[in-house]
Structures are given as structure tokens and as C-alpha cells.
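I have placed the structure first, in the form of C-alpha cells, so that the comments after it can refer back to it.
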């Protein structure tokens, strides 16, 4: 199916959807480094204008609209999160595009903190607004580790199916991985550990030809707080986190050897980006692009879910005919 991608960033979700066989026909993000990364790795069809300034008529027709509208105002990592944060209002433009383009489906992604913001009232309002565009809407918090990502990353997925369609995707996407104990019972693969995921990469000093394989020299601390946690190499990593915008600092996880910070390349692996996916800009910019991305493997699971729903719909119509 043809996809329009809003707030695309470096393109993690888009890459996963491409892996699932879909076509991205248009993308948008104002972060220029992320747009340069997108052009170099996915396609040059990304538009860097502010979405608020782009009329819907400039956006191509599509089967799916996707978007992780800016979440810093919603995040539990932001102690000052507020229903009044102006960054929380950009979802209105996503609703506007969905309303005007009427895709078959839409998929919005955000932090799990959105579920509890305003005691649930904010999510309720967002779902009502999506529904008013003509969609049946459901939501679920999922763990990226359940889809082969070596990271415990909880994310909210909001799925919309146009009201005139008679099919309903199996939502959320069925997991492919689980905890080692449950995996045996459920017939799934065990979670991928961060140590196993990074085992193929040499130390940055020995891999100077590897793109983005440089790391922050910020001193290690072990106090249990975000960015200062001991990393257990036999488990998935904690959530890869970005704070603020490109002008602020970044939060970089310790390497599982617990002797240095992860390189940008290693952090990208923890997000399930392939090693040949090169990030533009400075090391700090690469860290931020990676931290704000949707893991491509989660994107692939979403893409397969939507493809199966569409295939089932076509098959049922053919049977009826």
C-alpha cells in the first residue's frame, strides 16, 4: 500500500514498513539532519516544510497515513509535561491530513505516558478527534522487545480503520518474541539481549571505518537514574531516550560492558537499525535521531499486520463475488 509519513524523523517506522512491502510516497519532518538521513537511506521524497504550512492538497493520496507526532510534552521522562505544551497540539495537523486524504488506515505512535496524561483525558480527546475524521479507532501499549528489538521500549500505538471498510486488522501485531520463560510455552523466540545484539561490533577504536561508531565521553555514573543505569548484557537494554529538541542534551545508555557509553552505531543497533543505515550530522544529532525513532522491526510488524488485513479483505471480496 502507498503510505504518507508525517513527523518521519530519520525514518525508522518508514524503513520497517518498506521491509513489510509497502511504498512510502511522501514524508515530512522539519529536523534537517533527520531529513538528510532519510534522503540518504530511504528516499528523497521528504518535505522539510512545517506541516502547519503545508496544505493537504500538496500531499499525495495514499492508503495509509502514519506519524509519531512530537511526544516530548507527553513523555513520562519530561517532569514538566503538560496538557498545555504547544508541542502536544501538532496531532491536530495529523488529524487534518487524515480527514482530508481519507486513507484506508492510519497509525499513530507515541510514548506510553500519553495514556495517563491528564488522567486519561488527553488520550480520550485525541481518540475522539481521530474518530471524528471517519475512523474506528483502537489503541494499545506494546513492548518493542516483543518484536525482536533488543530494548524494553513501551510505546502506544493508535490504529484507525476507515468506517466504510468491513475488515479489522489483528491488533496489536502478534508478538514474535517473549521472555525466555514464556517464549518456550508460547512457541516464540526469546527476547534478544543487548549483549547478543552488539556482539558483532568491535570496540570503536578498532572499528574506525564503521559509520557513526563513535561514543560520548561523558563520565559514567551508576545511580539508577535515566542514563546512569547498570546495563545487564543478558537482557534487552532499557529504553533508548531523547530529551528535548536538537538544541538540548541527549541521554546515552551505558554499553553492556559498563565501561563506557554506547556509540551512536551501537545505539542504532539497539533500535534495530541495520549497520548500513548511516545517520547524518554530528554525533549528538545522530544520537537524537536514533533515540526519537520508531524501531524498524516494530514498524515491520505493523506493516505486516496491515498487509494481512488488506489481503484478507481482498480475499473475502473475491469469495463473495
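The values are calculated or read from the model by the stated rules, or taken from the named source; none is laboratory data. Keep in mind the model is a prediction, meaning the values are calculated, not measured. Cβ placement follows ideal geometry from the backbone for every residue including glycine, while neighbour counts extend to all protein chains displayed.
Going through (1) at pLDDT below 95; (2) buried (at least 19 other Cβ atoms within 10 Å of the Cβ); (3) touching a helix residue (DSSP H, G or I) at 6+ places or on another chain (Cβ under 7 Å); (4) within 18 Å of residue 145 (Cβ to Cβ) one by one, residue 250 falls short only on (4). Annotation: of all residues in the stretch 1-31 being in contact (Cβ under 8 Å) with a residue 60 or more places away in the chain and more than 20 Å from residue 105 (Cα to Cα), the one that is surrounded by the fewest Cβ atoms within 10 Å (Cβ to Cβ) is 31. Scanning the stretch 138-151 for residues that are surrounded by 19 or more Cβ atoms within 10 Å (Cβ to Cβ) and either in contact with a helix residue (DSSP H, G or I) (Cβ under 7 Å, 6 or more places away or on another chain) or in a strand (DSSP E or B) (or both) yields 139, 142, 143, 144, 147, 148, 149, 150, 151. Criterion applied to 276, 212, 223, 258 was being out of contact with any strand residue (DSSP E or B) (no Cβ under 6 Å at 6 or more places or on another chain), in a loop (DSSP other than H, G, I, E, B), at pLDDT 95 or above and over 30 Å from residue 44 (Cβ atoms), and the one residue passing it is 258.
What are the residues in the stretch 108-136 that are in a strand (DSSP E or B), within 19 Å of the chain's Cα centre (by Cα) and over 30 Å from residue 180 (Cβ atoms), if any? Step through it out loud before you land on a result.
Pass one, the stretch 108-136, residues in a strand (DSSP E or B): 108-111, 135-136.
After this cut, where a residue has to be within 19 Å of the chain's Cα centre (by Cα) as well, the list is 108-111.
Within the stretch 108-136, just 108 meets the criteria.
Of everything listed in (1) out of contact with any strand residue (DSSP E or B) (no Cβ under 6 Å at 6 or more places or on another chain); (2) outside any loop (DSSP other than H, G, I, E, B); (3) free of Cβ contacts under 8 Å to residues at least 60 places away in the same chain; (4) crowded, with 18+ Cβ neighbours inside 10 Å, the single unmet condition for residue 192 is (2).
Only one of the numbered conditions (1) assigned to a helix (DSSP H, G or I); (2) modelled with pLDDT under 95 is not met by residue 43, and that is (1).
Would you say residue 228 is without any contact (Cβ under 8 Å) to a residue 40 or more places away in the chain and either part of a strand (DSSP E or B) or touching a strand residue (DSSP E or B) at 6+ places or on another chain (Cβ under 9 Å) (or both)? Outline the logic, then answer.
On the way: without any contact (Cβ under 8 Å) to a residue 40 or more places away in the chain: yes; either part of a strand (DSSP E or B) or touching a strand residue (DSSP E or B) at 6+ places or on another chain (Cβ under 9 Å) (or both): yes.
Considered against the rule, which asks whether it is without any contact (Cβ under 8 Å) to a residue 40 or more places away in the chain and either part of a strand (DSSP E or B) or touching a strand residue (DSSP E or B) at 6+ places or on another chain (Cβ under 9 Å) (or both), residue 228 comes out as yes.
Scanning the stretch 137-160 for residues that are within 13 Å of the chain's Cα centre (by Cα) and free of Cβ contacts under 8 Å to residues at least 60 places away in the same chain yields 141, 143, 156, 158. Quick one: in the stretch 85-103, of everything that is part of a loop (DSSP other than H, G, I, E, B) and either on the phi > 0 side of the Ramachandran plot or surrounded by fewer than 21 Cβ atoms within 10 Å (Cβ to Cβ) (or both), which residue is modelled with the lowest pLDDT? Looking at the filtered set, the residue picked out is 85.
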